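A.B. asks: One structure, pasted below without further comment.
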Amino acid sequence: MEFQQAMNAVDTCPDIVDVLIVGAGFGGLFMLHNLREHGFTAKIVEASDGIGGTWYWNRYPGARCDVESMQYSYSFSDELQQEWHWSERFAAQPEILRYLNYVADKFELRKDIMLSTRVISTIFDETLLHWEIKTNRHERLLSKFCVMATGCLSVPKIPDIKGLDNFKGNIYSTSNWPHENVDFTNRRVAVIGTGPSGVQCIPIITKQAAHVYVYQRTPNYCIPLNNDPLDPQEEQWWKTNYAQLRRDMMRTSGALLLHDTRNCPALSVTSKEREKIYESAWKKGGNAFRLPFNDLYINKEANETVSNFIKSKIHATVNDPTIARLLLPYNHLFGIRRLCRGTDYYETFNRDNITLIDLRYRGIDEIQTTRVRVGNKIYEVDDIVLALGFDAFTGALLNMDIRGRLGKTLQEKWKNGWRTYLGLMIADFPNLFTITGPGSPSDLANMVPHIEQHVKWITKCLEYLRTHHINMIEPTLEAENTWFEHVNDVVENTLFRTSKSIYNGANISGKPRVFIPYVGGFDIYMEKCENVAINDYEGFHLMK
């Protein structure tokens, strides 16, 4: 085929593939498998020494998925769906990692995965029309196309705390936890951060440690998971009906089937009815609170009904009224920041061996050799756990030296904020794809179906290029700018515009304050992507 001959025209390097994939998590593994199935050669480059992506790195105590296991899994192979057994309603990190390793073995993916290999630079050669990738192992890889499967939550936020380097005890990060067991028995532990990873690890650490000091800047809404062993009857029901259920998931705004969703405004029912619905959601746990009504993310008065319900649960759960008040979210509405879901989080503050330090008016002044100072108060600690979150959505891409046309860097391109078309491609960076990139629903949707949708779109695009003997594809600047404006226009019609969060880069100093994910709904987004493909990749330059 002409396409394949063009790919192999460069014979100066022994390692030339059709597609080079960066990242071996859910996205990279399925991308590799799907490309193989459609006759493309591909390799994965992975920085860690094992596969799994975020589930390889985030192995802190209590790490667990907040999407139900039967929905947070691949759909591309019915054989895989039928033979894999999830043990819990919400799978823990070790089980998810076992699942991904099982997938890698079942589909013989390992032979095309380069582990312990970090990408240093990715540079587009405009003469030979290929990407040249250089790694930390001094390798030079060439590929016609490059797919970034680097994940939305893969670059930890760098702590900016005076004196942290002077601390003589152990410092752990939830986003890069040691592989060996960490025992906090008889230890005094400082946990800094109360976001999604903080609320999961704090109850576990507190059960071990002599004392835990929780440093909280922004209290968040934490929904109980109410996790249980997976009901065998429910598992069989899913496996029997998977084909239809998967289709139904893709028609929802979050690629997720939710319990007790009502397509009506919150204020259209009586307060007694709302209370009953919220109480049922609280008992169900997990994602039951995401969309009990259809206006929680667009109507402030409606959102306050669920926000106040959760605040009442905090008051009812935490015995000390002063501590309860400190745990109440005060500067944002429910669901507008990244949601926290945990087990016994609020109950943990009834224990005698936990202290909550409120940082809303002042931060940590200094960390010394064996203690943490906040104002004139000193806390002696043996270990520090950093649960500070991520440089989300753009961090992994900007951490690499990616250069497109005329040597233009991605850092230059995005200095005032991200620009993509559909979260899939970037103008001036031909033949470069991003899985769940900025401008797509990303973390606001169930990640595995979202990943599968992107992988299938990319593969279908590459097949189109091969069939039509096209060597290069990239978005037009007009399409890219129009999509960026659309993403931000949609946000203005929602309550997401009211809060500082990872969704607009507010958690990272110096990051442009631009809203990043698409909040218009996964179902609507998927339809837009399909229409672009149906219309011969409208909004893209296709070049022979």
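A.B. asks: Of all residues in the stretch 41-85, count the ones that are of a type in the set (A, V, I, L, M) and part of a loop (DSSP other than H, G, I, E, B). Let's see the steps before the verdict.
C.D. replies: Applying the first criterion (of a type in the set (A, V, I, L, M)) to the stretch 41-85 yields 42, 44-45, 47, 51, 63, 67, 70, 80.
So of that shortlist, the ones also part of a loop (DSSP other than H, G, I, E, B) come out as 47, 51, 63, 67, 70.
Total satisfying the criteria: 5.
A.B. asks: Ok, one more. Can you tell me how many residues in the stretch 173-200 are surrounded by fewer than 19 Cβ atoms within 10 Å (Cβ to Cβ) and either in contact with a helix residue (DSSP H, G or I) (Cβ under 6 Å, 6 or more places away or on another chain) or among the aliphatic types (A, V, I, L, M) (or both)? First the steps, then the outcome.
C.D. replies: Our first condition is that a residue be surrounded by fewer than 19 Cβ atoms within 10 Å (Cβ to Cβ); within the stretch 173-200, this holds for 176, 178-183, 185-187.
Now narrow it down to the ones that are either in contact with a helix residue (DSSP H, G or I) (Cβ under 6 Å, 6 or more places away or on another chain) or among the aliphatic types (A, V, I, L, M) (or both): 176, 182, 185.
Final tally of qualifying residues: 3.
A.B. asks: Which residue, of Lys313, Lys300, is within 28 Å of Ser69 (Cα to Cα), modelled with pLDDT of 95 or more and open to solvent by 30 Å² or more (accessible area, probe 1.4 Å)? Let's see the steps before the verdict.
C.D. replies: Values: Lys300 fails: within 28 Å of Ser69 (Cα to Cα).
Just a single option satisfies the conditions, and that option is Lys313.
A.B. asks: Tell me the residue from Phe515, Phe496 that is open to solvent by less than 30 Å² (accessible area, probe 1.4 Å), assigned to a loop (DSSP other than H, G, I, E, B), within 21 Å of Thr218 (Cα to Cα) and in contact (Cβ under 8 Å) with a residue 24 or more places away in the chain, please. Let's see the steps before the verdict.
C.D. replies: On the way: Phe496 fails: assigned to a loop (DSSP other than H, G, I, E, B).
Selected residue: Phe515, the only one of Phe515, Phe496 that is open to solvent by less than 30 Å² (accessible area, probe 1.4 Å), assigned to a loop (DSSP other than H, G, I, E, B), within 21 Å of Thr218 (Cα to Cα) and in contact (Cβ under 8 Å) with a residue 24 or more places away in the chain.
A.B. asks: In the stretch 238-283, what residues are of a type outside the set (D, E, K, R), open to solvent by 30 Å² or more (accessible area, probe 1.4 Å) and either in the same structural domain as Lys456 (by the TED database) or part of a helix (DSSP H, G or I) (or both)?
C.D. replies: Correct list: Thr240, Asn241, Ala243, Gln244, Met250, Leu267, Ser268, Ser271, Ser280, Trp282.
A.B. asks: What number of residues within the stretch 442-451 are open to solvent by less than 10 Å² (accessible area, probe 1.4 Å) and either hydrophobic (A, V, I, L, M, F, W, C) or part of a helix (DSSP H, G or I) (or both)?
C.D. replies: Selection size over the stretch 442-451: 5.
A.B. asks: Sort through Thr305, Thr270, Thr261 and tell me the only one that's without any contact (Cβ under 8 Å) to a residue 40 or more places away in the chain, within 27 Å of the chain's Cα centre (by Cα) and more than 30 Å from Val385 (Cβ to Cβ).
C.D. replies: Working: Thr305 fails: within 27 Å of the chain's Cα centre (by Cα); Thr270 fails: within 27 Å of the chain's Cα centre (by Cα).
Checking each option against the conditions leaves just Thr261.
A.B. asks: Now a separate question. Considering only residues that are of a type in the set (Lys, Arg) and within 20 Å of Ile516 (Cα to Cα), look in the stretch 367-421 and name the one that is surrounded by the fewest Cβ atoms within 10 Å (Cβ to Cβ). Don't jump to the end; show me each part of the working.
C.D. replies: Here is the first cut: in the stretch 367-421, the ones of a type in the set (Lys, Arg) are 371, 373, 377, 403, 405, 408, 413, 415, 419.
Still in the list and also within 20 Å of Ile516 (Cα to Cα): 413, 415, 419.
On the way: Lys413: 20, Lys415: 10, Arg419: 20.
Result: Lys415.
A.B. asks: Right, here's the next one. Being of a type in the set (Val, Ile, Thr) and assigned to a helix (DSSP H, G or I) is the filter; apply it to the stretch 322-360 and report the residue that is surrounded by the most Cβ atoms within 10 Å (Cβ to Cβ).
C.D. replies: Thr348
A.B. asks: Tally the residues that are open to solvent by 20 Å² or more (accessible area, probe 1.4 Å) and among the hydrophobic types (A, V, I, L, M, F, W, C), restricting the search to the stretch 98-112.
C.D. replies: Adding up the residues that qualify gives 1.
A.B. asks: Would you mind finding the one in Tyr421, Tyr503 that is under 24 Å from Lys544 (Cα atoms) and touching a helix residue (DSSP H, G or I) at 6+ places or on another chain (Cβ under 8 Å)? Even if it seems obvious, please write down each step before you answer.
C.D. replies: Values: Tyr503 fails: under 24 Å from Lys544 (Cα atoms).
Among Tyr421, Tyr503, only Tyr421 is under 24 Å from Lys544 (Cα atoms) and touching a helix residue (DSSP H, G or I) at 6+ places or on another chain (Cβ under 8 Å).
The values are calculated or read from the model by the stated rules, or taken from the named source; none is laboratory data. What you are looking at is a predicted structure, and each value in this text was computed from that prediction instead of being measured. Because the Cβ atoms are built from the backbone with ideal geometry, glycine has one as well, and the counts that use them run over all protein chains shown. Heavy atoms of the whole protein, side chains included, go into the accessibility calculation; ligands, DNA and RNA do not. Shrake-Rupley method; radii C 1.70, N 1.55, O 1.52, S 1.80 Å.
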